[in-house]
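Below is one structure; the comments refer to it alone.
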Amino acid sequence: MTVIALYNLKGGVGKTAAAINLAYLAAADGYKTLVWDLDPQGSSSFYLNVQANNKNETKKLFAEEIELKDVVQGSVFENLWIIPADISARNIDALLSGLKHSKRKLKSLLGNLKEYDIVILDCPPGISLLHENIFSAADWILMPNIPTTLSINSFEMVSAYFDDNGLDKSRLKCFFSMVDHRKNLHHEVMQQFYKDKLFFKNYIPYLSDVEKMGVNQQPLFEYANSSYAAQCYRDLWHEVKKVCL
């Protein structure tokens with residue numbers, strides 16, 4: 001089982017759209033794929049039209065009041081399952097701080113899953129005890145970055161965090177997201193980082209087809225399968241598959 005976290009220190013970078021679309025493509029390729037929505041906003045859960053069955057489900061899960069296998073729900077798509085988020089996810093850090101081995105709780109929970117090929121973690125922004133759990137549990141951390149100064153600064157801060165905490169930075173893989181070809185700055189930043197070979201070659205453009213995921217409450221491929229945005233996600237998935245699986 002390969003665990004892939006979609007993460008960024010910064011919010012609003014296209015992380016959840018990437019999590020859902022990459023999960024959809026993985027499932028379509030025949031991989032048994034589980035999305036775990038760790039963000040209290042629950043956007044991944046919304047895109048797949050799934051809600052938690054129990055009140056405070058995330059809190060109960062980390063407190064081991066319920067088992068992981070009991071909160072997994074199917075989606076309408078073959079080979080694609082989800083652990084939905086609920087508002088209690090906002091309290092995970094407080095809960096983790098009172099536990100023994102608090103930095104490895106997520107990895108321990110994931111160890112109970114054997115039946116999936118890929119687990120994709122949709123992570124909230126920030127760096128906290130939850131994120132330390134994510135960095136410990138994930139085989140790969142994929143960071144979408146908008147090619148702007150602030151977004152790249154977030155990448156550099158995370159890179160420095162990995163260095164300072166002795167984490168394996170080779171597990172940190174990045175790609176450009178929400179790329180606007182009308183902006184010269186985007187092109188300049190992309191060329192700088194492509195030259196240094198720090199980012200995946202493929203990127204996700206800033207297009208309304210991606211934004212309409214919320215309106216359609218579906219992965220991109222269900223309503224715009226032949227679009228340029230869909231092809232960009234396919235290209236990115238092929239690169240991710242080659243490197244991470």
Review point. Does at least one position in the range 158-168 carry a residue that is within 12 Å of Y7 (Cβ to Cβ) and more than 16 Å from the chain's Cα centre (by Cα)?
Key: yes
Review point. Right, Y228: touching a strand residue (DSSP E or B) at 6+ places or on another chain (Cβ under 8 Å), modelled with pLDDT of 95 or more and surrounded by fewer than 16 Cβ atoms within 10 Å (Cβ to Cβ) or not?
Key: yes
Practice item. Evaluate the range 123-135: report whether one residue or more is in a helix (DSSP H, G or I), of a type outside the set (S, T, Y) and either touching an Asp or Glu at 6+ places or on another chain (Cβ under 8 Å) or exposed (fewer than 15 other Cβ atoms within 10 Å of the Cβ) (or both). Key: yes
Practice item. Considering each of L61, L22 in turn, give the residue that is part of a helix (DSSP H, G or I), more than 14 Å from the chain's Cα centre (by Cα) and either modelled with pLDDT of 95 or more or over 23 Å from I204 (Cα atoms) (or both). Key: L61
Check your understanding: What about S151, is it part of a helix (DSSP H, G or I), touching a residue at least 12 places away in the same chain (Cβ under 8 Å) and of a type in the set (S, T, Y)?
Key -> yes
Revision key, fill the gap. Cβ pairs under 6 Å, 6+ apart or interchain, first in the range 93-115 and farther than 12 Å from E132 by Cα, second assigned to a helix (DSSP H, G or I) and among the aromatic types (F, W, Y), ordered by first then second residue, are L95/F62
Review point. Exactly one of (1) farther than 24 Å from S43 by Cα; (2) more than 19 Å from the chain's Cα centre (by Cα); (3) open to solvent by 20 Å² or more (accessible area, probe 1.4 Å); (4) among the aliphatic types (A, V, I, L, M) is unmet by L207. Its number?
Key: (1)
Revision key, fill the gap. When (1) part of a loop (DSSP other than H, G, I, E, B); (2) out of contact with any helix residue (DSSP H, G or I) (no Cβ under 8 Å at 6 or more places or on another chain) are applied to K69, the one that fails is (1)
Practice item. State which residue pairs qualify: first residue at pLDDT below 95 and inside the range 43-54, second residue assigned to a helix (DSSP H, G or I) and of a type outside the set (V, I, T) in any location, beta carbons under 7 Å apart, and separation of 6 or more residues or different chains. Key: Q51/S45; N54/K60
Check your understanding: Considering only the range 10-25, how many residues are in contact with a Ser or Thr (Cβ under 7 Å, 6 or more places away or on another chain) and within 14 Å of P125 (Cα to Cα)?
Key -> 5
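The values are calculated or read from the model by the stated rules, or taken from the named source; none is laboratory data. All of these numbers come straight from a predicted model, not from anything done at the bench. Note: ideal-geometry Cβ built from the backbone for every residue, glycine included; neighbour counts use all protein chains shown. Remember, those area values only see protein heavy atoms, side chains included, never the ligands or the DNA or RNA. Shrake-Rupley method; radii C 1.70, N 1.55, O 1.52, S 1.80 Å.
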